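First up is the structure itself, then whatever we jot down about it.
The values are calculated or read from the model by the stated rules, or taken from the named source; none is laboratory data. Since the model is a prediction, treat every value here as computed from it, not as a measurement. Cβ placement follows ideal geometry from the backbone for every residue including glycine, while neighbour counts extend to all protein chains displayed. These accessible areas exclude ligands, DNA and RNA; they are computed on the full protein's heavy atoms, side chains included. Shrake-Rupley method; radii C 1.70, N 1.55, O 1.52, S 1.80 Å.
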Amino acid sequence: YYVDIIKKENKRMNSQVERVLQMAQIDNDDFSLNLEENDVHDIIENVANVLNMRAEDKEGRIITSLKASCYKIKVDEIHFANVLNNLIDNALKYNDKKPEILIETSTRNNKFILEVSDNGMGMGKEIQKHIFDKFYRRPSGNIHNIKGFGLGLSYVKAIVESHGGEIFVNSEVGNGSKFTISLICKS
């Protein structure tokens, strides 16, 4: 039992250290993407399938509705998967209900649109102003039951922008959140 706890915490800490190092590389412009044409629908399905087990542990589910007509675009496969992983991980962590996470894609104005919606706690406008800031963590009084360093969403934004894209959030306290990413389709 204790060995299992130590292994899980070690894995979590390694992941956090890796995020800190990645953010340092991004900050120092010592960072390059391996941009290749990828089927982003395949990447999304793979990430969703892996994380669906965690959702099921909380009696929830992850649903995909992948309808984008341009889904073969130049992305760094590992970083794109990490972006999605971060968004789904947050949707699971910041949810006190049975998580319902919807991942949708579409094409609008020659842009690939990825939307990740959840039925979690949601957040007010003041929190939304800061969620992409480095080291920002949602205030929860003196209780820190949700682990992390506040790097996940700043990493997500940095990676999306380094792909030439944009990310937005729409959220309301008690009604979940929707993160929208847009990337330019290459013709």
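General remarks:
- Some residue of segment 155-169 being of a type in the set (Asp, Glu), open to solvent by 40 Å² or more (accessible area, probe 1.4 Å), at pLDDT 75 or above and farther than 26 Å from residue 60 by Cβ: yes
Yes or no, residue by residue, for (1) within 18 Å of residue 173 (Cα to Cα); (2) open to solvent by less than 40 Å² (accessible area, probe 1.4 Å); (3) at pLDDT below 95:
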residue	(1), (2), (3)
26	no, yes, yes
63	no, no, no
78	no, no, yes
110	no, no, yes
123	yes, yes, yes
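- Number of the condition not met by residue 58 [criteria: (1) more than 19 Å from residue 167 (Cα to Cα); (2) among the basic types (Lys, Arg); (3) out of contact with any Lys or Arg (no Cβ under 7 Å at 6 or more places or on another chain)]: (3)
- Matching residues in segment 80-108 - criterion: being among the β-branched types (Val, Ile, Thr) and surrounded by 20 or more Cβ atoms within 10 Å (Cβ to Cβ): 83, 88, 101, 103, 105
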